[in-house]
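> Structure below; questions to follow.
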Amino acid sequence: MRRLNSLGQFGLPAIVLAIGSLATSAMAAAPASPNGVYIVEMSAPPVVENTSTKPADGQKIDPNSLAVINYMNQLRASQDAALASVGASDKIHSYGYVFNGVAAKMTPQQAEKLSKMPGVLSVRPDEMNQLDTSTTPAFLGLSGAGGFWNSTGAKGENIIIGVIDGGITPGHPSFAGAGFGAPPPKWKGGCTLAPSWGAADCNNKLIGARFYNAGFGGNAGILGLFPYEFTSTRDYDGHGTHTASTSGGNENIPIPPTSKWAPFGFAPISGMAPRARVAAYKVCWGIGGTPNAGCATSDSVAAIDQAVADGVDVINYSISGTTTDFQNPVEAAFRRAATAGVFVAASAGNSGPTTQTVAHPSPWITTVAAATHDRALTGTLTLGNGTVHTGASAAVAAVPPGTPMILSSDAIRPGRTLNDANLCFSSRDTGGNALDPAKVAGKIVVCDRGTTDRVNKSFAVQEAGGVGMVLINPTANSVNPDFHSVPTVHLPNTVRTAIRTYVGSPVPTGTGAISKGGASSGNPAPFIAGFSSRGPSNAASFNILKPDVAAPGQDIMAGLAPPGN
């Protein structure tokens, strides 16, 4: 196993030098890749670090310059020669701007052989990662007469935010181009046309759109796994639209009357940098939390590489990642992006509340934890014995008093396990719905949080004929007012025993009522959301404190997919 020669050439702090000496790059024995793809990093510097092509301080890469074009051709020729030396020819990505390397399909034996070749720095199997606001501008002191926007005039004018995520919804008012001039000259990117993305879907606000799915086998592989997906930059899951509108969505966008948020009477929403331009890079596919859905590292590196060449100023990366490896291809690409003057913000992850679970531990990345704010959506569960429990709820309808209740663990579908029923697995989850319709129909079902998406649990209740859900945390964690398939209230672990004892009592069967959700403000804030990954140090190095900052990240109001939400 070989080490990197040095990190000192990049001018990084001494602590990073110590980190670099601990990290290894080549594999003693190549593990199998989940998709047969391996990411190869070459030892020659990429464009942003090569003496003749790196940008001057304060400048962007010019991907159209003759020097950059010629150097990129040299890098590709060296990459192709390395692949050919081990008989690997199925290349899916070639990188060169911030990461000199290639992603290609090969056998573990070919990968191991290639890792020992001169000029090869590392060979790693591809990985599949997962996708990890009306009052927020005021809460952060941005809006208002004395707020940052008005006192400084800084609203992100001509800043370009590259959002590497699950795509974006064109036509959403958060990305309307009215009032914006032509993109600034530093922008070298473009819009990739596809059957579900036309030239008119980009404008002077949404200036860039690209998609990457080679790690899934291209368009055919995507449609084979997710026949509902758009094989374009268009967002299906909604996560990318949400993150893009949170970071750079237009200012004061009214909530449409057809939106799920409409019943709560919230004020218009704004992005944190409303005058910024947005470029979307879709690397995540499928509905988050469902089988096979995720984001291939090979595609993410391609998006990072291209975004820096396109001229973005900021990269937003709300995708899970390594907790231990500073030389992971994504981390390495971000290091060179930082060298090129691009600010990188990555989510800390959703593995809280356990300590030392923070992802993206590298010191050149701003790692952001999710915090709460002073607005909440709450609802109540009123038991038949008169006890009232208040929790998180976005329910737009109520469940009347006297509705029978049942523990999901008492409604096991034949052939399923107690654990599957306790967690309320739905048809969206492996193995299918775990609840017995004969026992669930017409009832409020008590489900435990964990393993599967929270919204999948209410879908399981709806599939089985249930009319409401009480979601309870088995351990300390956040409570969240998600949009559920049936009226739902989410409660903390502190009331779990009492509720389960009441509902599970043999006579009489427990009854209850669930109220509509409602908005409230003035709640204690901020504190780290229960789901957010935590430090204070990270699993990669005790010498680096992570996450770097916390920002409102729980129950944020922002754009949804499709438009009108």
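The values are calculated or read from the model by the stated rules, or taken from the named source; none is laboratory data. Given the structure is predicted, the values throughout are model-derived calculations rather than measurements. When we count neighbours, we look across all protein chains shown, and the Cβ atoms used for this are built from the backbone with ideal geometry, even at glycine. Accessible surface areas use protein heavy atoms only, side chains included; no ligands, DNA or RNA. Shrake-Rupley method; radii C 1.70, N 1.55, O 1.52, S 1.80 Å.
> Quick one: what are the phi-derived ³J(HN,Hα) couplings along the range 440-449, Karplus 6.51/-1.76/1.60 with θ = phi - 60°, whole Hz, x for glycine and proline?
Running phi through 6.51 cos²θ - 1.76 cosθ + 1.60 with θ = phi - 60° gives 9, 3, x, 10, 8, 10, 9, 10, 8, 6 Hz.
> Heads up, I need the accessible area for Arg500: 1.4 angstrom probe, whole protein in place, Å², nearest 10.
So the heavy atoms of Arg500 present about 50 Å² to solvent.
> Rank-order 184-190, 314-320 by packing density, defined as the average count of other C-beta atoms within 10 Å over each peptide's residues, highest first. Before the final figure, lay out the partial values.
Working: 184-190: 15.4, 314-320: 25.1.
Highest-to-lowest ranking by the protection proxy: 314-320, 184-190.
> Applying the Karplus parametrisation 6.51 cos²θ - 1.76 cosθ + 1.60 with θ = phi - 60° to the phi angles of the range 385-397, what ³J(HN,Hα) value in whole Hz is obtained for each residue in order, glycine and proline being reported as x?
8, x, 6, 10, 10, 9, x, 7, 7, 10, 5, 9, 9
> Okay, moving on. For Ile319, what residues show an amide H to amide H distance below 5 Å, using hydrogens built from the backbone and excluding near sequence neighbours?
Asp132, Ser347
> Roughly how much of Phe180 is accessible, in Å² to the nearest 10, using a 1.4 Å probe?
Here the accessible area works out near 20 Å².
> Give the accessible area for Val312 in Å² (nearest 10); use a 1.4 Å probe, count only protein heavy atoms, and leave out ligands, DNA and RNA.
Val312 exposes around 0 Å² with every protein chain in place.
> Same structure again: Using modelled backbone amide H atoms (1.01 Å from N, in-plane), which distant-in-sequence or interchain residues come within less than 5 Å of Asn100's amide H?
Met42
> For a quick check: with amide H placed at 1.01 Å from N, whose amide H comes under 5 Å from Leu407's, ignoring anything fewer than 5 positions away on the same chain?
The list, which skips near neighbours in sequence, is Val446.
> Right, another one. From the phi of every residue in the range 242-250, what ³J(HN,Hα) in whole Hz does the Karplus formula 6.51 cos²θ - 1.76 cosθ + 1.60 yield, where θ is phi - 60° and glycine or proline is x?
5, 5, 5, 6, 5, 7, x, x, 4
> With all protein chains present and a 1.4 Å probe, how do Asp436, Asp235, Asp548 order by accessible area, largest first?
Working: Asp436 30, Asp235 5, Asp548 75 Å².
Per-residue accessible area, sorted high to low, gives Asp548, Asp436, Asp235.
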